[in-house]
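Here's the structure we're looking at; comments come further down.
The values are calculated or read from the model by the stated rules, or taken from the named source; none is laboratory data. None of the values given here were measured: they were computed from a predicted structure. Reconstructed Cβ throughout: ideal geometry from the backbone, glycine too, with neighbour counts over all protein chains shown. We work out accessible area using only protein heavy atoms, side chains counted, and drop any ligands, DNA or RNA first. Shrake-Rupley method; radii C 1.70, N 1.55, O 1.52, S 1.80 Å.
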Amino acid sequence: MPTITLRVNRKNHTVECANSSLLVDVLREQLRLTGTHVGCDTSQCGACTVHVDGHSVKSCTMLAVEAQDAEITTIEGLADGNTLHPMQAAFQECHGLQCGFCTSGMVMSTTELVSRNPDPSEPEIRHWLEGNLCRCTGYHNIVRAVQTCARGSRGGTP
Amino acid sequence: MSSAQGIGASIKRKEDRRFLLGKGQYTDDITLPDQSYAVLIRSPYAAALIKKIDAAAALAAPGVLAVLTGDDVAADGLGGIPCGWAVKNKDGSNMVEPPHPGLAHGKARHVGDPVAMVVASSKALAKAAAKLVDIDYDVLPGCGRLPEATAEGAPLVWDQAPGNVCFDWHIGDAALTDAAFAKAAHVVELDLVNNRVAPNAMEPRAANGHYAAANDHYTLYTTSQNPHLTRLLLAAFTLHVSEHKLRVIAPDVGGGFGSKIFHYAEELLVLWASRRVGRPVKWTADRSEAFISDAHGRDHISKAQLAMDKDGKFLGLRVHTLANMGAYLSTFAPAVPTYLYATLLSGPYDFPAIYAEVKAIFTNTVAVDAYRGAGRPEATYLLERLVEKAARETGIDRVELRRRNLIQPSQFPYQTQVALQYDIGDYQATLDLALAKIDYAGYAQRHAASAANGKLRGIGMSTYIEACGIAPSALVGALGARAGLYEAANVRIHPTGSVTVFTGTHSHGQGHETTFAQLIADRLGVSTDNVEIVHGDTDRIPFGMGTYGSRSASVGGSAIVKALDKIVDKGKKIAAHLLEASVADIEFRDGAYRVVGTDRQKAFGEVAFAAYVPHNYPIDTVEPGLEESAFYDPKNFTFPGGTHFVEVEIDPETGVVEVVDVAIADDVGVIINPMIVDGQAHGGLAQGIGQALYEEVQYDADGQLSNGSYMTYCMPRAADLPMFKVGNHVTACTHNPLGVKGVGEVGAIGVPPAVINAVLDALAPLGVKDISMPATPEKVWRAIAAAKQGKGA
Amino acid sequence: MKDFQFHRPTTVAEAVALMAGKDGAKFLSGGQSLLPVLKLDLAEPTDLISLTGIAELREIRVDGQALVIGALVTHDAVARSADVRKHIPGLAALAGGIGDPQVRNRGTLGGSVAHADPSADYPAAILALGATVHTNLRKIDAEEFFTGLFESALAPGELVTAVSFPIPKRAAYAKFAHRASKYALVGVMVALTSSGVRVAVTGAGAKVFRVSAMEDALTKGFVPEALSGITVSADDLNGDAEASAEFRAHLIGVMAKRAVAACQ
């Protein structure tokens, strides 16, 4: 089996995997980064969202071999040690998660939104979340979390 | 005592941190040493004889450890998956209860019926080998929907169920109801369909079974809402292994909504396969597999009639319902369209007479069982569509008609005509609060603004009731339940005063690790930081019945409180000794035992320490240690209720319905954590709106499923929903120690009829009188077109 | 998913050379169409030739009266490109409405065009704007490119390198999306170009198609009302549980009007 090197959460990992291995499977099964989840098999739910070179990507719809030269960040790599990333903190503050299964993908996706647009409107947030399904929250508190994080990152009171 | 962390405080959730850091441990995240993987081969046919299974090529494929079939299940003597509730027919005879083997034997009865299992050293190898298993089917005619299954000459799912009837049941007083209709000034009639939906918890089901030969012990990790029930059913019915040799762990579970209550075949199969191959065996559903193997919800066809006097006072209700059971009876399936549905048909209204008949029907589809609300949404949808129609037909304002018929606060406890006795409520108060939250008075202005934008605006409402915490055990036993419905708790105070609580409920999004810790903070004055809630492990928790039917706070929380009462009482005896006072003079308040009328006190932690280091201790009369267990069996259901309002805007050109406003007022009893309660309401609303506008499992007449993936089965996304306005008015439940009622299902129960009533309100000026769920763009467009044609426009 | 050989060339020439003689090989760009197909085992290529290392295919440039977009430019990059937003804002908007953000971050123009999905958005732009598809071998007119359901004029082994979009006077796209998949049930691109009005419909048929009756009407007056009374036959249109052929036919009229309105 071919050997590839992936740079995940600022560390290099060398793994053996088939060319057909999906990025999500290598992350979960080989690197044991099980915070990235699989909720569907048709690239719809977004639970597997990670960052590849800063862009949110569905890791179930990318080959691991394609990610070799990229800087990959998963939910495990977002916090600064024990300090939650502002988006993670906002999700806790606003009760933006219940069962937690879609949460990694939600957080990874919305951090990219706020990095692009520090002041997203409610419709912009909702539109951005086209690629992430949640069955618990009705999205209400997820939208609030993103607004709260964005406000904080603009220097306002989070 | 209440505190900054106690009952009523919106403290942040303790469980969030591990999820936000990606450190949750869901079943599929757990990989055991020497792990192997199972893939199930499922019938592609709705009905087919399994003539031959040739596994030779698969067995020879790399990494394959076993290929198991229904023959192997039978040869090894595994038991069939049992049904947990027996409903009687009108004549007192038993329902038809067909066998349900772990793997189909001889005949497959729905698309997705598991026919064989391949176990291999990796999932990829198991999948590859599964393609090599050659199964020879003889395809038979099937029936996928209620109308076809109940038609004359329909193919039989089970030979022992003529007409595909599982049971023919009734409740209420037919003669009294006939008399009520005979004197009615106005009768409203409505035919409706409650659409079949797929629960779709975001985490697909999974199970990882491990048999340890050395000590003859089985461990199962499973995506379950109630691991103890799963263990009980495995022990007594399917695997035939005693409980002391069987540990069931439901670790972090990514949502359930009912679908993970039940004992599924895969839980049995992975344990059995592990015993056979000598390695742990893990199975995880693909989403497309989930669509054909998870129990679905709803799927009723009903005829309803409402009798009223000339002033709009309800005189009687007559209901006839067909309920789809699927091909096999899932764990609670028979209870859903009977004791969780027809018993709720009085709603929040004062009905002098009700009669309901329910016929449960087998079809060649995956099982139908409890899904968020389970029966109560079906009852509410029927009643609130009917009441709205009554308002339209009589010309009585929709709010006024409801006001005239709501049960008055003075009428509690209120005995309905369909068995239930409501303990308390204030339906007028929630109605008034909801009217204020939606700004009902300002609606005309909003309607005009929408019209100016070319949109059809509509407003719809529902006033609803639900029943939570299904109980008491003696009653449900008489009604056919084969299990008790109490809850268990164990509270362990550690020597330095921190607390571990073991609860038989299971949290899969509800936030028990936080809310139950708040109970401890409230009662003992211990910080929630020093409380750990343990759930989901049969080896650690004495017993439990799990989480469903919004029972966790009312039943599980009450069990914890009962155990806490014992702790406090024992502590009094210890404190009396330490304070050299009589027990009668000790009170426990604000986290300390005090001698009444003095400033002498001992902190709770000091008493706990003394219990474990009993140097100065009433050792002759009190045992050392501070740990108590309790089982709580409720005296009654709890009865949340409220009013939901929805406003929609419809694009008349495309038929797209946009939900532009949702305002609700619920009475869910005493609220432990308002933040979490609001969150539960939000989620229920989204699923209710999903059922009303987006979701429908589509089987064709023969039983083929046409929309079994997220490419085709539509659930609401963020852009499909507005912010929700949620209000509460509290009347405390009268019969549990916390006064709580339950909130997990209210959104999914109250909102679907409010959405459809709003859609019909928007379309009424065009002449549209009916539309079914889900109100898709094409359906709305067709309804508008048909109405225009009908008017000759 | 069946395993395959994986290649990652850095030039077009290398990519094409790798493809030579490999009947079972496929090009892979963003993978947002191909990988879902492979995951369902609906195709089992022997080799995947990844194009993502080919820098020359990532360019967007203005070439006289046309906007030339490299095959590997992602939907997100098209949506956010200053050049695209300036010269063909309707195209930027179309790209910004494909799938979802994650799909737009990976999915590419070339991949979408080569896949020829009848419900994809780009084919409407290609046909309505009269674009030219550039390959390693030739330039193919929009009219000739899409030939059927998931079928195009591409020869085996032929590689899309860019698409050249003539800059229209005005153009806009209106989509009615499938509520679950977000693919177009009906997507209509309307363009007022120097050579006339063009109306292209995706999602409704086996392949993207033009509606000449609408084009004629809009030539007389480029306003939404010009389309009143024009109906599209439901014959030969797609029908499924989400939208029947009749509903799609109706939506073509509605979306065409909205696209024209968005052009104003």
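Some values worked out for this structure:
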item: Some residue of the range B:758-771 being more than 14 Å from chain A (Cβ to nearest Cβ), in a loop (DSSP other than H, G, I, E, B) and under 26 Å from C:TYR183 (Cβ atoms); result: yes
item: Options C:ALA256, C:ALA243: the member that is within 12 Å of chain B (Cβ to nearest Cβ) and more than 30 Å from B:GLY708 (Cβ to Cβ); result: C:ALA256
item: Qualifying residue in the range B:710-726 (condition: at positive phi, open to solvent by less than 10 Å² (accessible area, probe 1.4 Å) and assigned to a loop (DSSP other than H, G, I, E, B)); result: no
item: Candidate set from the range B:1-17 (those that are within 14 Å of chain A (Cβ to nearest Cβ) and in contact (Cβ under 8 Å) with a residue 12 or more places away in the chain); member that is surrounded by the fewest Cβ atoms within 10 Å (Cβ to Cβ); result: B:SER10
item: Residue check for B:ALA46: out of contact with any Cys (no Cβ under 6 Å at 6 or more places or on another chain), touching a residue at least 60 places away in the same chain (Cβ under 8 Å) and buried (at least 23 other Cβ atoms within 10 Å of the Cβ); result: yes
item: Leading residue by the ranking (nearest to C:PHE6 (Cα to Cα)) among those in the range C:42-59 that are of a type in the set (Ser, Thr, Tyr) and crowded, with 16+ Cβ neighbours inside 10 Å; result: C:SER50
item: Candidates B:ALA419, B:ALA379, B:ALA390, B:ALA360, filtered to the one that is small (Gly, Ala, Ser), part of a helix (DSSP H, G or I) and either free of Cβ contacts under 8 Å to residues at least 12 places away in the same chain or closer than 29 Å to B:PHE257 by Cα (or both); result: B:ALA379
item: Answer residue from the range C:171-204, given it is in a strand (DSSP E or B) and facing chain B (nearest Cβ under 10 Å) and is most open to solvent (accessible area, probe 1.4 Å) among those; result: C:PHE176
item: Qualifying residue in the range A:45-59 (condition: touching a Pro at 6+ places or on another chain (Cβ under 7 Å) and either within 10 Å of chain B (Cβ to nearest Cβ) or not charged (D, E, K, R) (or both)); result: yes
item: 1 or more residues assigned by TED's automatic domain parsing to the domain that holds B:ALA517, surrounded by 24 or more Cβ atoms within 10 Å (Cβ to Cβ) and aromatic (Phe, Trp, Tyr): qualifying strands (runs of 3 or more DSSP E) within the range B:551-610; result: B:592-595
item: Check on C:VAL62, surrounded by fewer than 22 Cβ atoms within 10 Å (Cβ to Cβ), closer than 21 Å to C:LYS139 by Cα and at pLDDT 95 or above; result: yes
item: Elements of type strands (runs of 3 or more DSSP E) in the range C:1-52, at least 2 residues being at the interface with chain A (Cβ under 10 Å from one of its Cβ atoms); result: C:5-7, C:47-50
item: Matching residues, the range C:214-241, being assigned to a loop (DSSP other than H, G, I, E, B) and either hydrophobic (A, V, I, L, M, F, W, C) or open to solvent by less than 30 Å² (accessible area, probe 1.4 Å) (or both); result: C:GLY221, C:PHE222, C:VAL223, C:ILE230, C:VAL232, C:ALA234, C:LEU237, C:ALA241
item: Residue in the range B:294-302 that is aliphatic (A, V, I, L, M) and assigned to a strand (DSSP E or B) present; result: yes
item: Residue list for the range A:1-39, filter: within 20 Å of C:VAL37 (Cα to Cα) and away from chain B (no Cβ under 11 Å); result: A:ASN19, A:LEU23, A:VAL24, A:VAL26
item: Any chance A:GLN88 is closer than 20 Å to B:PRO722 by Cβ and crowded, with 24+ Cβ neighbours inside 10 Å; result: no
item: Wholly within the range B:153-233, strands (runs of 3 or more DSSP E) carrying at least 2 residues that are within 14 Å of another protein chain (Cβ to nearest Cβ); result: B:206-212
item: Tally of residues being part of a helix (DSSP H, G or I), farther than 21 Å from C:ALA79 by Cα and more than 14 Å from chain C (Cβ to nearest Cβ) across the range A:107-158; result: 13
item: Unique residue being open to solvent by 10 Å² or more (accessible area, probe 1.4 Å) and either touching a residue at least 12 places away in the same chain (Cβ under 8 Å) or within 19 Å of C:GLY96 (Cβ to Cβ) (or both) when the list is A:VAL143, A:VAL52, A:VAL57; result: A:VAL52
item: Failed item, numbered, when A:LEU63 is tested on (1) open to solvent by 10 Å² or more (accessible area, probe 1.4 Å); (2) more than 10 Å from chain B (Cβ to nearest Cβ); (3) not β-branched (Val, Ile, Thr); result: (1)
item: Filter result for the condition that a residue is at pLDDT 95 or above and under 25 Å from B:VAL743 (Cβ atoms), over B:VAL534, B:VAL583; result: B:VAL534
item: Matching residues in the range B:214-257 - criterion: being at positive phi and surrounded by 24 or more Cβ atoms within 10 Å (Cβ to Cβ); result: B:GLY255, B:PHE257
item: All positions within the range B:665-700 that are open to solvent by less than 30 Å² (accessible area, probe 1.4 Å), closer than 30 Å to B:LEU156 by Cα and away from chain A (no Cβ under 14 Å); result: B:VAL697, B:TYR699
item: Only listed residue being touching a residue at least 24 places away in the same chain (Cβ under 8 Å), in the same structural domain as C:ASN238 (by TED's automatic domain parsing) and farther than 21 Å from C:THR231 by Cβ, chosen from C:LYS175, C:LYS182; result: C:LYS182
item: Output for the range C:119-134, where each listed residue is buried (at least 22 other Cβ atoms within 10 Å of the Cβ) and not in a helix (DSSP H, G or I); result: C:ALA120, C:ASP121, C:LEU129, C:ALA131, C:VAL133
item: Tally of residues being out of contact with any Lys or Arg (no Cβ under 9 Å at 6 or more places or on another chain) and not in a strand (DSSP E or B) across the range B:480-505; result: 10
item: Selection within the range A:71-85 - more than 7 Å from chain B (Cβ to nearest Cβ) and open to solvent by 10 Å² or more (accessible area, probe 1.4 Å); result: A:GLU71, A:THR73, A:LEU78, A:ASP80, A:GLY81, A:ASN82, A:THR83, A:HIS85
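Residues are listed down the side, and each one gets a yes or a no for (1) more than 10 Å from chain A (Cβ to nearest Cβ); (2) surrounded by fewer than 24 Cβ atoms within 10 Å (Cβ to Cβ); (3) touching a residue at least 40 places away in the same chain (Cβ under 8 Å); (4) not in a helix (DSSP H, G or I):
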residue: C:LEU72; (1), (2), (3), (4): yes, no, yes, yes
residue: C:VAL78; (1), (2), (3), (4): yes, no, no, no
residue: C:ASP83; (1), (2), (3), (4): yes, yes, no, no
residue: C:LYS86; (1), (2), (3), (4): yes, yes, no, no
residue: C:ALA92; (1), (2), (3), (4): yes, yes, no, no
residue: C:GLY99; (1), (2), (3), (4): no, no, yes, yes
residue: C:GLN102; (1), (2), (3), (4): no, no, no, no
residue: C:ASN105; (1), (2), (3), (4): no, no, no, no
residue: C:GLY111; (1), (2), (3), (4): yes, no, yes, no
